[in-house]
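The values are calculated or read from the model by the stated rules, or taken from the named source; none is laboratory data. It should be emphasised that the depicted structure is a prediction, and the values quoted were computed from it without experimental measurement. Here the Cβ is made from the backbone with ideal geometry for all residues, glycine too, and neighbour counts use every protein chain on show.
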Amino acid sequence: MSKSSTITIGKLKKTVGIFILVFIIIGLLSPICQANSAEPPSIIIVVPNAPANLFLSIENENGVMEGRVEKKFLETHFSFYSLGYKKDGNFRLKVSYGDSVDVIEIGTVTDSYMNVFTLDYKTLTLEKDTSGFRGWLFTIVRILLTLIIEAVIFLAFGFREKRSWLIFLTINLITQGVLNIWLNSFTVTNSYIIFALVFAEVFVFIIEIVGFLKLIREYSKIRTFIYVILANTASLFLGGFLITL
């Protein structure tokens, strides 16, 4: 192994270490940020491939909560807001689909906010939390699309050397991988994930600027700097758009 290769690997390890440290700090700060944000939904029902004539409501001894409907890619979210509701209430989910009306017992919920369930409307099966496969699928899709966008811009800037592309893939797989896996730990409510995305992307910008400027030598630092800014701005907007879907 050549001396230059050893130096490059050393710099990559240092960049990775800094990035992981930054995300540990972000993880510690994120609960504080969420605590100061708007009221999140009390209960979220995720329905994969929901038909247009599906309606959900939640009932307990205190009354009825109507859900706010958000159409997503491959699924629909029903968000129920009820400030100060009793956690120990006996909740029931009313499912209206066509001419049929069914009631599913939810029972008690453990938290005042962000109780997430997945409903299979065909079998009337209600499960706590969302599918792990679903979360990983969406994470992989976000990472791949981000890499494609940034690779197209990288190519458009004229980067052709094998070394430059190796650095590009290494840094982006680490930054986008950690970023999207961390985002996957958030609940499905758009506003909070987008807030976290913007907050984390600031650190992604910094880490990638430092990493690319130190490691890539194919063109001038100004050209590399402009690439990083443009590519990460594009991926930020792409990430926000994908979250809305």
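Can you name the residue in the stretch 227-245 that is over 16 Å from G177 (Cα atoms), of a type outside the set (F, W, Y) and free of Cβ contacts under 8 Å to residues at least 40 places away in the same chain and is also surrounded by the most Cβ atoms within 10 Å (Cβ to Cβ) among such residues?
Residue satisfying both the conditions and the ranking: V228.
Identify the residue in the stretch 71-88 that is hydrophobic (A, V, I, L, M, F, W, C) and touching a Leu at 6+ places or on another chain (Cβ under 7 Å) and, among all such residues, is modelled with the lowest pLDDT.
Checking each candidate, the answer is F73.
What's the number of the condition G67 fails, among (1) over 30 Å from L179 (Cα atoms); (2) surrounded by fewer than 11 Cβ atoms within 10 Å (Cβ to Cβ); (3) at pLDDT below 85?
Only one criterion is unmet by G67, namely (2).
Just for strands (runs of 3 or more DSSP E) wholly inside the stretch 89-134: which have at least 2 residues that are modelled with pLDDT of 80 or more and within 19 Å of the chain's Cα centre (by Cα)?
Of the strands (runs of 3 or more DSSP E) lying wholly inside the stretch 89-134, those with at least 2 residues that are modelled with pLDDT of 80 or more and within 19 Å of the chain's Cα centre (by Cα) span 115-120.
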